[in-house]
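Engineer: Here you go, one structure.
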Amino acid sequence: MSGKATGRRNPRAHPPPRAGERVRTGRILAIFLSTSRRQQAAVLSCLVLASLADGLGLASLLPALGAASGQSSADNPAQKVVVEIFAFLGLPLNLEVLLGVVVLALVLKAVLLLAAMAYVGYASAQVGTDLRLRLLDALLAARWGYFTRQPVGRFTNAISSEAPRASQAYLDVANFITGGVQSIVLLALCLLVSWRLSLLSAALGGIVVLVLGRLVRSAKRAGRQQTRRTTQLITRLTDALVGIKPLKAMARHAHLGHLFATDARALNRAQRRQILARQANRLLQEPLIGIFLVATFYVATKMLETPIQETIVMGIVLARTVASLGKAQQAYQAAAISESAYWAMRETIGEAERQQEVSTGTRPPALEREISFRDVSMSYGKRQVLEGFSLTVPAGRILTIIGPSGAGKTTIVDLLLGFHKPQSGEIRIDGVPLEELDLSAWRRRVGYVPQEVLLFHESVLTNITLGSPELDAEDARAALEAAGAWAFIEQLPEGLDTVVGERGALLSGGQRQRIAIARALVHRPSLLVLDEATSALDPATEAAICRNIQELSRRTGLTVIAISHQPTWTMVADEVLELPLRAVPEKAEAG
């Protein structure tokens, strides 16, 4: 056996994702089109039918006002359409029926809009759920090298902050489409009532949209800044909370507070711009619409001499049209603010999916004879860690790897688990090259215990079984006994159901380590890897764990690879590999 190493590369986090290019209407509508065509068709059908019902009700006001006033505008195209519809349905054209149609149209519109919004609400929630699940699936399938270069807070922010904003973006786009469809139907009705007033209305409405358009662009920029700043803030906060104890011990946490304050103030400025743009859009619409309606009414009565009933209906229709346009513009502005979160999350998902771990092997793994490294070389960039490295580990034996930090101990394990591929040479399991094996099946045969134990804020049982339906309390107890941990678990207030606290804070270091070993043993692995797993323990606790592992290996044939700086592991090992210069074989005590 031989080995050579010069250290490992320190992972560097990627910067937060770009907020995206300048938002266009097509990008906003693409959010709505991201759902199933069945949902799109259902929503659009309900919106169109609701708008047509609303238009019919408003058009029925013309003959209703004519009947009430004793005047008729039979030459008006809108009234002609209503008369023809009533004749087709065989309904009498009197005031009572006309008013009934108006009321019925309003009720039908409300019902159809409610149905459309029910679809929208379901789809909006589904958008956020689908994005979360896609991201989780992509992260779980990504190669290990991708994780080492990413800040955890980026993914935390995507799931907790960007996904809800993406759902809101879909809802905003749906509201924009709702206002747009209603405006189109109402504009068509305007043309039927008076084409000249419709042209004037279109011109004035265009002016309103242009005046308020600057606010929409301001909101877009603020939305992109909010996405970027929130990602930075959550990323830093997540990293800080994970390692807050040593920072507080050195009174260095205040320096991080300054970084958080900088991000928080930048986020505050972006949110202020959003609020200002939204409120300005909403408040300016009312006076602009008022000026718009007054001008239209003046032209209709003084210049075009439009009949009074047409003027009234036209005023109502125009008011509804401009209100629909205003709502559409407000929804568009809201979508412009939140759509950056949707595309940022899509970018994160796409990036993670492109980093998917590829395993072409299909052969079922077995560890019955040996693990072997043959002339393996591995480097990180320009740093050579292993060069021409060879090693044979017989099955059922205990190998301890010792050596200084950066000598390549963990790299050997990472290569064995398929986290990295060697630049040259090969790794074989029972004579079969690792790349030919089903990698997931091979890892299921491995129990792994890292130096930094990660326990969840859950019960002891959940921390050991990780919620697997194939494992129960008896399996957990057997694993705890093998790890020498059952004695103290029995003394806990609720036994296996005791919650261990955040990151296992309610337990001692030795107790956390034993639970981690039990987690690695519960599925009865063929290979147990201990990566500096006992370096933080006191000598007595470490010695007890070593004896337990040795006894388990002798009894079950479990293969053990222990990475350690501690001499205790060399005493129980069947063989010791010293990096980077030499390997010293030692026989363990007979077991």
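Engineer: For residues that are surrounded by 21 or more Cβ atoms within 10 Å (Cβ to Cβ) and in contact with a helix residue (DSSP H, G or I) (Cβ under 7 Å, 6 or more places away or on another chain), scanning just the range 430-452, find the one that is farthest from Gln511 (Cα to Cα).
Structural biologist: Gly447
Condition check ((1) of a type in the set (A, V, I, L, M, F, W, C); (2) modelled with pLDDT under 80) across all residues:
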site: Gln511; (1), (2): no, no
site: Ala518; (1), (2): yes, no
site: Asp538; (1), (2): no, yes
site: Arg554; (1), (2): no, no
site: Ile563; (1), (2): yes, no
site: Pro585; (1), (2): no, yes
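Engineer: Shifting gears a bit: Could you please give the count of residues in the range 517-546 that are free of Cβ contacts under 8 Å to residues at least 40 places away in the same chain and at negative phi?
Structural biologist: Taking the range 517-546 as the starting set, the residues that turn out to be free of Cβ contacts under 8 Å to residues at least 40 places away in the same chain are 524, 534, 537-543, 546.
Next, from what is left, pick out any that are at negative phi: 534, 537-543, 546.
Looking only at that region, the number is 9.
Engineer: For the range 455-484, enumerate the residues that are in contact (Cβ under 8 Å) with a residue 60 or more places away in the chain and under 16 Å from Val500 (Cα atoms). Spell out the reasoning first.
Structural biologist: Of all residues in the range 455-484, those in contact (Cβ under 8 Å) with a residue 60 or more places away in the chain come to 455, 482-484.
Hit for the range 455-484 is Leu455, nothing else.
Engineer: Could you figure out which of (1) surrounded by fewer than 21 Cβ atoms within 10 Å (Cβ to Cβ); (2) out of contact with any strand residue (DSSP E or B) (no Cβ under 7 Å at 6 or more places or on another chain) isn't true of Ala407?
Structural biologist: Of the numbered conditions (1) surrounded by fewer than 21 Cβ atoms within 10 Å (Cβ to Cβ); (2) out of contact with any strand residue (DSSP E or B) (no Cβ under 7 Å at 6 or more places or on another chain), the odd one out for Ala407 is (1).
Let's see how each residue does on (1) out of contact with any Ser or Thr (no Cβ under 9 Å at 6 or more places or on another chain); (2) closer than 30 Å to Gly128 by Cα:
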site: Leu325; (1), (2): no, yes
site: Ala344; (1), (2): no, yes
site: Glu351; (1), (2): yes, yes
site: Gln356; (1), (2): yes, yes
site: Arg369; (1), (2): yes, no
site: Phe373; (1), (2): no, no
site: Tyr380; (1), (2): no, no
site: Thr400; (1), (2): no, no
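Engineer: Sort out for me the strands (runs of 3 or more DSSP E) sitting completely within the range 467-586 that have 1 or more residues that are more than 23 Å from Arg443 (Cα to Cα).
Structural biologist: 575-578
Engineer: Evaluate the range 354-369: report whether one residue or more is crowded, with 21+ Cβ neighbours inside 10 Å and at pLDDT 90 or above.
Structural biologist: Checking the range 354-369: not a single residue is crowded, with 21+ Cβ neighbours inside 10 Å and at pLDDT 90 or above.
The values are calculated or read from the model by the stated rules, or taken from the named source; none is laboratory data. Keep in mind the model is a prediction, meaning the values are calculated, not measured. Don't worry about glycine lacking a Cβ; one is built from the backbone with ideal geometry, like all the others, and counts go over all protein chains shown.
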